[in-house]
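Beneath this line is the structure, given in structure tokens, with notes to follow.
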Amino acid sequence: MRFLCLHGKGTSAEIFSIQSATFRRLLPPSYTFDFLDGPYTSPPAAGVSLFFNPPYYAYYHFSDPSAIRESYSYLQEHLDKNGPYDGVMCFSQGCALVAGFLLDHQVTRPHVPLPFSCAIFICGGMPLPIIEDLGIEIPSFARDLETQSVKELFATANSVETAKPGDDYWNTKAEKTSILNVENIDLDNPYDIQVPEGWKIQIPTVHIYGQKDPRRLAGLNLASFCAGKKKVWNHGGGHDIPRLSTVSDKIAGLVQWCTNSVGEE
């Protein structure tokens, strides 16, 4: 089972390899993982430089549709040269890249098979500019949630710079917004974006998010765009991959469930 792996903005292929090593070791030796650096150098994500040396990369720097679509061309070129892959595993911006790429493929080339047969999304989200560019309406409150969650993520992640040993900086008193305290939200479709069923991603998917992650609703919104067999799991942490053995065991099990679900639709 061959996976392509895409990292978060301000990190790198090497960093994502280290972040995911604990649960990947629990998978069968037939599972292999190729890690792809973004094409652009980037400042480090908040707190990353404390633990990992440069270089750091991003798949795109700007959130307009043209910049994001350039990253699709970069991904497609890699697939053409180095594919095929059975599955894709991604974190944060890597999830946004893959999710938007698959959605765009599903909408614009519905009769062409997707380039992956399954996908693992960790702390992900669907890029709203691509959704809108495809003609899908985005409620104003969803834009507000997106903006607030990004703002809080930066505020919370930056607190690692001043955290003391043993601190859980995902529980610090960084500036809070309503994103962690929203009520009356449908967790099956938290942004209330209405998507034709035939436009949704039609492969088995796993969606892993953290209860303390300011971006957790974005991850659940991404799950609502997937119509294939899927599992959604809360790892209990923040915008990261906890190294706890219980978390690693669970993620490894979810990856195997996802690969075993291929062809069962």
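Among the residues of region 120-146, write down those that are among the hydrophobic types (A, V, I, L, M, F, W, C) and farther than 16 Å from TYR72 by Cα.
Taking region 120-146 and keeping what is among the hydrophobic types (A, V, I, L, M, F, W, C), we get 120-123, 126, 128, 130-131, 134, 136, 138, 141-142, 145.
Across region 120-146, the qualifying residues are ILE120, PHE121, ILE122, CYS123, ILE136, ILE138, PHE141, ALA142, LEU145.
What is the residue count in region 49-77 for residues that are free of Cβ contacts under 8 Å to residues at least 40 places away in the same chain, in a loop (DSSP other than H, G, I, E, B) and of a type in the set (S, T, N, Q)?
The number of residues fulfilling the criteria is 1.
Yes/no per residue for (1) more than 17 Å from the chain's Cα centre (by Cα); (2) surrounded by fewer than 16 Cβ atoms within 10 Å (Cβ to Cβ); (3) outside any strand (DSSP E or B); (4) free of Cβ contacts under 8 Å to residues at least 24 places away in the same chain:
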{"residue": "ASP80", "(1), (2), (3), (4)": "yes, yes, yes, yes"}
{"residue": "TYR85", "(1), (2), (3), (4)": "yes, no, yes, no"}
{"residue": "VAL88", "(1), (2), (3), (4)": "no, no, no, no"}
{"residue": "LEU103", "(1), (2), (3), (4)": "no, no, yes, no"}
{"residue": "PHE116", "(1), (2), (3), (4)": "no, no, yes, no"}
{"residue": "ALA119", "(1), (2), (3), (4)": "no, no, no, no"}
{"residue": "MET126", "(1), (2), (3), (4)": "no, no, yes, no"}
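Identify all residues within region 231-249 that are surrounded by fewer than 19 Cβ atoms within 10 Å (Cβ to Cβ) and not hydrophobic (A, V, I, L, M, F, W, C); write none if there are none.
Listed by number, the residues that qualify are LYS231, ASN234, GLY236, PRO242, ARG243, SER245, THR246, ASP249.
Among the residues of region 105-114, what is the count of those that are in a loop (DSSP other than H, G, I, E, B) and free of Cβ contacts under 8 Å to residues at least 40 places away in the same chain?
Here the count works out to 4.
Among the residues that make up region 169-179, is at least one of them part of a helix (DSSP H, G or I), among the aliphatic types (A, V, I, L, M) and at pLDDT below 95?
yes
Looking only at region 187-227, how many residues end up being closer than 17 Å to VAL88 by Cα and assigned to a helix (DSSP H, G or I)?
Total meeting the criteria: 3.
Could you please find all residues in region 1-26 being over 16 Å from PRO44 (Cβ atoms), among the charged types (D, E, K, R) and part of a helix (DSSP H, G or I)?
ARG24, the sole residue that qualifies.
The values are calculated or read from the model by the stated rules, or taken from the named source; none is laboratory data. The structure displayed is predicted, hence computed values, not measured ones. Counting neighbours? That spans all protein chains shown, and the Cβs are built from the backbone with ideal geometry, glycine included.
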